[in-house]
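The values are calculated or read from the model by the stated rules, or taken from the named source; none is laboratory data. Model, not experiment: these values are computed from the prediction. Methodologically, a virtual Cβ is constructed for each residue, glycine included, from the backbone with ideal geometry; neighbour enumeration extends over all protein chains shown. Ligands, DNA and RNA are excluded from the accessible area calculation, which covers all protein heavy atoms including side chains. Shrake-Rupley method; radii C 1.70, N 1.55, O 1.52, S 1.80 Å.
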Amino acid sequence: MLKQWGKSVGYLAAVGLSAPVSMPLLMLLPMSGIALIVAGLGFVLFPIAVMIIRLWTDVHRHLAGWVLGTPVQPQFRPLTGGVLARVRQVITDQTTWRDLAWLVANMVLGFAFGMVGMLLAAFAGASLVMLFFWWAMPPGEAIQILNVPITDLGRAIVIGAPTTVVALALAWFGVPVLARIHASFSKLMLSPSRLAARVEQLAETRAGAVSAHDAELRRIERDLHDGTQARLVSIAMRLGVAEKSLDTKDPVSTLVREAREGAEQAMGELRDVIRTMYPPILADRGLDGALAALGARCPVPTVVETEDLGSVPAPVEAAAYFVVAEALTNVAKHSHATSASVRVVRDECVRITVSDNGFGGVDESRGTGILGMRRRVAALDGTVAVDSPIGGPTVISVELPCAS
């Protein structure tokens with residue numbers, strides 16, 4: 001119990017003394033915002049200012065968890081990508097705004113709770129001193145309680161003892177209550193809501209399920225490629241040898257030829273299935289090379305531009321490949337275009353833009369593959385936007401989150 005009381009005193013002292021620091025921290029944001037507008041320097045300063053505030057609020061998360069006995073976990077999204085991407089992430093992250101709201105409220109509440117807690121502790125300590133050391137005061141400077149000077153043992157017992165008991169009771173019970181109230185307030189403001197936490201948990205669960213599903217598809221693709229397809233090739237080769245050794249007039253020769261053609265057809269169908277599961281070219285050449293190959297195979301002249309994409313998570317890589325493949329298939333089949341372009345960039349998302357100079361007027365209800373794109377992208381919490389006025393051009397924009 002004494003240990004918990006000591007925690008409460010330390011917590012309130014830290015909160016009360018640190019509350020005034022919230023003001024200069026808050027000033028960092030408008031200062032960096034002004035620099036952002038005037039000189040562009042704020043593109044660098046703004047994320048740094050937010051990171052400083054995050055560090056500060058993380059300290060108070062740990063303090064609140066220390067008092068409450070339950071950790072208060074931060075829910076920051078990591079800053080990735082270029083300067084503009086970092087500014088956008090900072091602004092759109094709900095945790096940033098929770099931290100700012102807590103800073104504003106804590107300037108008043110933190111100082112008030114801290115000062116009241118320290119005053120209660122100081123009052124209890126002073127009362128004990130007055131009760132036991134009244135006699136040590138110099139002549140003419142007697143301790144006074146309720147305007148009554150304590151000059152002898154009788155007055156110390158009659159007046160000082162009740163005052164000390166009340167002060168100790170207030171400090172013993174009041175300080176932990178104040179600490180827990182403020183810590184609970186900090187936990188409430190600095191933690192995501194239950195709904196937001198549940199959404200985050202479901203997003204992580206879905207991402208894990210998608211990754212596991214992708215890994216399983218890759219395993220099946222590998223088994224089919226190295227096992228089943230290799231056996232079909234062997235069967236087709238043996239049938240071919242057997243066919244050549246037979247007389248063409250022999251009825252068995254016809255059956256062998258049909259069996260060989262069936263095996264070759266099965267191999268072709270199997271290759272198509274493997275490509276739809278997880279294209280081997282992604283493992284061989286990466287997303288950049290795979291997209292370049294798609295552009296080269298498209299009947300419509302296509303320019304493919306990709307920045308340095310780095311290491312893209314496998315589910316995102318596969319989704320990006322299939323989205324571009326479906327979009328270029330639509331261009332070739334429906335657009336009557338003479339040229340197309342694919343541009344892929346990456347910051348916190350993989351951003352894909354596929355455009356063509358065709359007739360436009362894409363109708364998603366007519367089986368153009370856009371619905372399949374939306375479902376594939378939605379599985380990764382991404383977005384698809386289609387801009388296709390009648391007369392063209394058609395622009396398909398896709399965002400696939402891929403933050404580490």
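Does V344 satisfy the condition of being closer than 22 Å to P280 by Cα and not in a loop (DSSP other than H, G, I, E, B)?
Working: closer than 22 Å to P280 by Cα: yes; not in a loop (DSSP other than H, G, I, E, B): yes.
Considered against the rule, which asks whether it is closer than 22 Å to P280 by Cα and not in a loop (DSSP other than H, G, I, E, B), V344 comes out as yes.
Let me spell it out: the conditions are (1) in a helix (DSSP H, G or I); (2) open to solvent by 60 Å² or more (accessible area, probe 1.4 Å); (3) of a type in the set (F, W, Y), and F359 meets all of them except one. Which number is the exception?
With respect to (1) in a helix (DSSP H, G or I); (2) open to solvent by 60 Å² or more (accessible area, probe 1.4 Å); (3) of a type in the set (F, W, Y), F359 is out only on (1).
Taking segment 301-323 on its own, how many of its residues are free of Cβ contacts under 8 Å to residues at least 40 places away in the same chain and in a loop (DSSP other than H, G, I, E, B)?
Total satisfying the criteria: 5.
Taking segment 337-353, which residues are within 12 Å of L309 (Cα to Cα), open to solvent by 30 Å² or more (accessible area, probe 1.4 Å) and more than 20 Å from the chain's Cα centre (by Cα)?
R343
Which condition number in (1) open to solvent by less than 40 Å² (accessible area, probe 1.4 Å); (2) assigned to a helix (DSSP H, G or I) is the one that H334 fails?
Failed condition: (1).
Looking only at residues that are within 31 Å of the chain's Cα centre (by Cα), over 22 Å from E307 (Cα atoms) and not hydrophobic (A, V, I, L, M, F, W, C) in segment 365-404, which one is least open to solvent (accessible area, probe 1.4 Å)?
Here the answer is G369.
Within segment 274-295, track down each residue that is open to solvent by 70 Å² or more (accessible area, probe 1.4 Å) and among the β-branched types (V, I, T).
T276
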